[in-house]
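The next block holds one structure in the form of structure tokens; read it before the comments.
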Amino acid sequence: MNKLMKAACSECKGKLRRRTITQDFEREGVKVRISGIKAWVCSRCGEIYFEPGGADKVAQAVNCLFALAVAERQHKGSLRARVS
Ligand SMILES: [Zn+2]
């Protein structure tokens, strides 16, 4: 991946806009949601691009949330994290 953020979507060449997004993940019936993540979103097709290394960090956070949700059963199958 390029160090400089690309200006256009590699899927459709649409314009990328800096946005704060919310992503939902589901694994084995457990749902986690992370909101407040800064990312670049294509204004045409909605493709999401993270800063270099950002996708890995989100994946790590999601893995931790799933581990927490499984360890603490009082979450009733749903857990949220917010970045601000
Ligand atoms: Zn696009």
Checklist entry - Per-residue ellipticity at 222 nm for the chain, helices alone: DSSP H runs ≥ 4 residues times -39500 (n - 2.57), over residue total, nearest 500 deg cm²/dmol? => result -7500 deg cm²/dmol
Checklist entry - When only C-alpha pairs under 8 Å and at least 6 residues apart count, what is the relative contact order of region 16-75, in percent? => result 29 percent
Item to check | Net lengthening on full extension, LYS13/ARG27 (0.36 nm per residue, minus Cα-Cα) | outcome: 1.8 nm
Next on the checklist: So if I restrict to the alpha-carbon atoms in the chain, what is the Rg, and what is Dmax, the biggest pairwise distance, in Å?
Outcome noted: 14.7, 45
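Work out how much length VAL70 to CYS45 would gain on full extension: take 0.36 nm times their residue separation and subtract the Cα-Cα distance, in nm to one decimal.
Between VAL70 and CYS45, full extension yields 5.6 nm more.
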Item to check | Dipole magnitude (debye, nearest 20) for the chain, charges at Cβ of Lys, Arg, Asp, Glu | outcome: 400 debye
Item to check | Principal-axis tilt of helix 54-71 within the chain, Cα atoms, nearest 10 degrees | outcome: 10 degrees
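Read-outs throughout are calculated quantities, based only on the coordinates presented, and are distinct from any laboratory measurement. All of these numbers come straight from a predicted model, not from anything done at the bench. Methodologically, a virtual Cβ is constructed for each residue, glycine included, from the backbone with ideal geometry; neighbour enumeration extends over all protein chains shown.
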